[in-house]
Each structure stands twice: as structure tokens, then as C-alpha cells.
1. State the extension gain, in nm to one decimal, for the chain segment bounded by Arg151 and Arg306, taking 0.36 nm per residue of separation less the distance between their alpha-carbons.
2. So, in Å, what gap is there between the alpha-carbon centers of segment 300-356 and segment 252-281?
3. Could you tell me whether segment 1-147 comes out rounded, prolate or oblate from its Cα gyration tensor? Rule is a ≥ b ≥ c as square roots of the eigenvalues, rounded for a/c under 1.5, then prolate if a/b exceeds b/c, otherwise oblate.
4. Starting with the fewest neighbours, write out Trp102, Trp21, Trp159, Trp195 ranked by other beta-carbon atoms found within 10 Å of each beta-carbon.
5. Arranged by the count of other C-beta atoms within 10 angstrom, fewest first, what order do Glu101, Glu32 take?
6. Need one number: convex hull volume per residue for segment 132-311, Cα atoms only, in Å³.
7. If you rank Ile329, Ile261, Ile381 by fewest surrounding Cβ atoms within 10 Å, what's the result?
8. Between Asp294 and Asp265, how many nm apart are label points set 7 Å from Cα along the C-beta direction?
Amino acid sequence: MEQISSALQERQETKEYPLLWWTEWFRSRIEEGKVVDYCGLPYTCRFTLDKAKYDESKVVIIHASSFKPNDVPNRLDVKSGKKALILNTLESPKSFQIKSEWTGIFTHLWSYSFNADFTATYFEAGRGPGSFLDNVLSKPAYTIQEKNEFREEIAPIAWVVSSCTSGNGRHFYIKQLVKYINIDIYGHCMRNKEWPVHPNGSPFTDREVVARYKFYLSIENSNCDDYVTEKIERPYTVGVVPILDGPKDYSRFLATNHSSIRVDDFATPEQLALRIHQLDQDDAAYLKYLDYKDPANPVESLLNPRLLETFDVPQGTWGPDDRGARCGICKLAHDMTEGTYQLTPDKVIGPDTTCYFRKWGYNSWVAEFYWWIIALVVLGIFAALTVVVVYIKSRRARRLLLALKYNLTPPIWRKERMVSDHKRTEDYQLLAPQSEL
């Protein structure tokens, strides 16, 4: 009985701090009521969307995709240090995030960036089922012999894409690449392959689709520091070589330094396609990219040290994932409430300047795919310049153009213009039939 009473008393004494979501999360109230009680802290926190708890909440969170400049908490409360205002996003920066006008009102950043106050990558840190490291070290779904058999029906490369728009113009690059090598494209954009289903009618999972291929296009929709999504975990998990494009530095996320192919290592899409063709025909060379999957190898010595440093966190510590970020935010709420942490007026997240927008944007690529539009524009400009020159240089041509204009102008408009414009009256009198004068 004493032990039960002690446990009940301890539970009653455990403080819980509110964490206020000022906005919904992608038009969803999924964050309502989520409890942070897994951090090893002597207190817990609870997320809420109830703005009635504003006064007792030291931490206020705004989701970037739901941000509205005319709907923010009292900025004086933030500037005075009474409230911490956190910007939450796992997406590449929105337009307002590159402007200090708005990034200057947020005190903390909760995002994928390792420069954020609270880092939450797309991957689970630590070891165990579902963790990034566990997925990297999992057994390949198919052998090289099985993949070669699949090649009789499928392309060497797969791409699963959900969005036809991107900040870097990646679709322009893919349109070039498919000129030189076959790519099976699934999803909502540029699709040329239908999503497969099992005999019982159930659709394949993303990983089941990717697993049959030798290569996978892990091309992000934006090129920003640390912006690496599930596009790299998907091929790593099933034993497929990812073709990468994203941040300049991928070292935190690579299984080994030779486990992937970088788009930037090739001057043209044609050169990349040639390399893929070579590897498709050379099993030994291809398997070198997957040596970290070979159970005969000393795995720990093969894995990229930066990967282990980032994600192989000791049990009981907070890693760069969603749970770790929430633990850090909970601690911030506790420290501000208890007065052990004071915000300073100059504590702001500032604009994000790490992104390389329109990497393949709208210059030579436009000329490649929309040449006919360019041709029409050039011809139109040439025709316009010709008309102007002729009009200026030739009196006879001016008369012909006036005659054309006269014939295209309704009689009522001609009379109205002649009433108020003596010069036009003279011109029209030279051109009009005697019956109209």
C-alpha cells in the first residue's frame, strides 16, 4: 500500500506544461492532446490548439504552411520574452522564410535543419525497428539475379513522384534524362507506369515498388542544406542504389561514401545515363554500391562515420528526430515557466539563405522543351520590328497601313474619330470612297 501511495503521490506532483499550437497542422487538429512523456524528464508537456490557454503557455507554435501574417500572437509578448514563438516546418522554406520581415518575429525554429533550435529529420534516430540505421542495415529485398530477371519487364530506374511542381525544376532534368535511358515513373507527375497490385488486389507499398529496381531517383524538390527526405531511406531500406540530388553535403545521411550516385558528378544527363547503363551490365561493379548490405562484411567499420555520429545516439538521449525535437521544446516550456531561461530581444531565427532555387530552371531547359514557343516569340518580334521600320521609312507603306486600318475600322468609329481628329479626317478623306465623304 505504501508503494502504491508513493507512486500516486509522485504522479500527482509531476507537472505538465502546455504547448500551444497557434495554427492547425496541414488543416488537421492531429496535434491536439499529444503528450510528451518519453524524455526522461521529471515533468511532461501536452500540445493543445485551445487558444484559451494562451496566458499559461510559454511556448506558441506556428506551422509554416498555415502561417498568416495577419494572424500571429501578440508580438510584444514575444519581443519582451514572455513567449517563445516557434516556427515548425519539415518542408523546404516557404517564400516568407527568406524574408527577415517575418522570420524576425520567430524566436525558435523546429525543422529538418541541423542549424535549427529543435532538429527533426525525416528519420528515426537510435537503433531498433523503424530507425534509420536499422533500415539501412536491413537485408536487401531481392538478389542481383532476381533484379536481372525483373529487368526483362521493367526499366533500370524507378521514380515515385507526387508533385509536378518543384523549386529546383527537377522535372526538366528528368525530361532530358529519359532521352538516354528508360525510367519507370509512378505517381501524379510524368507518369508512364501504372501502380502495381498484388494478386489479391491490394496495391504495392512504396518500398515494394522500388525494391524490384536497381536504381531509384532520390531527387528532392528543393536544394537546401540538410533537406533530405524519405527519398533516400526508401532505396536504402530495400537494397537499391539511390541517384541523389538535394543539399550540397549529404554526408550525414549516406550509408557509405560509395553507396549512392550523385547527379552533380555528371556534366550532362547523357553522361549519367551512360554510367547507369554500364552498372546495369556489370553485376560486380553494381554490388560494390551495396557492400554495406553484405552480411559477410564487418558492417560497423563500413558505415559512414558521420552517419553513425548523427543517428547512432545512446539509448535515453534525444536524437535529431521528431521525439527529440518535442523533448527539447518541452524543456524550453519548463525552463521559461520556472524562470531558468530568459529570452533576449535579439533571439530570432532569421531568413533561410541556404536554398539553391531553380537549379534546372527555365533557361536552356525551356529552349529544349518549348522551342516552338520561343520560335513564335522571335518571329513575332521580327515581324513587329519589320513593320515599324517599313512604317517609318516608306510613305507609301504608311498609306497602305492606313488603308488596312481604315478597312478594318467600323464606319461609326471612323466618323467619331474624324469629328475630333483633323489629321485623321485628312487621312480618311484620301482613302475613303467618295460615297462616304
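What follows is calculated from the coordinates using simple rules that are stated; it is not laboratory data. Quantities reported herein were computed from a predicted structural model and do not represent experimental measurements. Note that each Cβ is placed from the backbone with ideal geometry, even for glycine, and that neighbours are counted across all protein chains shown.
1. 52.4 nm
2. For segment 300-356 versus segment 252-281, the Cα centre distance is 32 Å.
3. Cα axes put segment 1-147 in the oblate bin.
4. Details: Trp102 18, Trp21 25, Trp159 28, Trp195 12.
In increasing order of surrounding Cβ atoms, one gets Trp195, Trp102, Trp21, Trp159.
5. Starting with the residue having the fewest Cβ neighbours, the order is Glu101, Glu32.
6. Details: hull volume 21.6 nm³, N = 180.
Looking at segment 132-311, the number lands at 120 Å³ per residue.
7. With the fewest neighbours first, Ile329, Ile261, Ile381 line up as Ile381, Ile261, Ile329.
8. Here the modelled spin labels are 1.8 nm apart.
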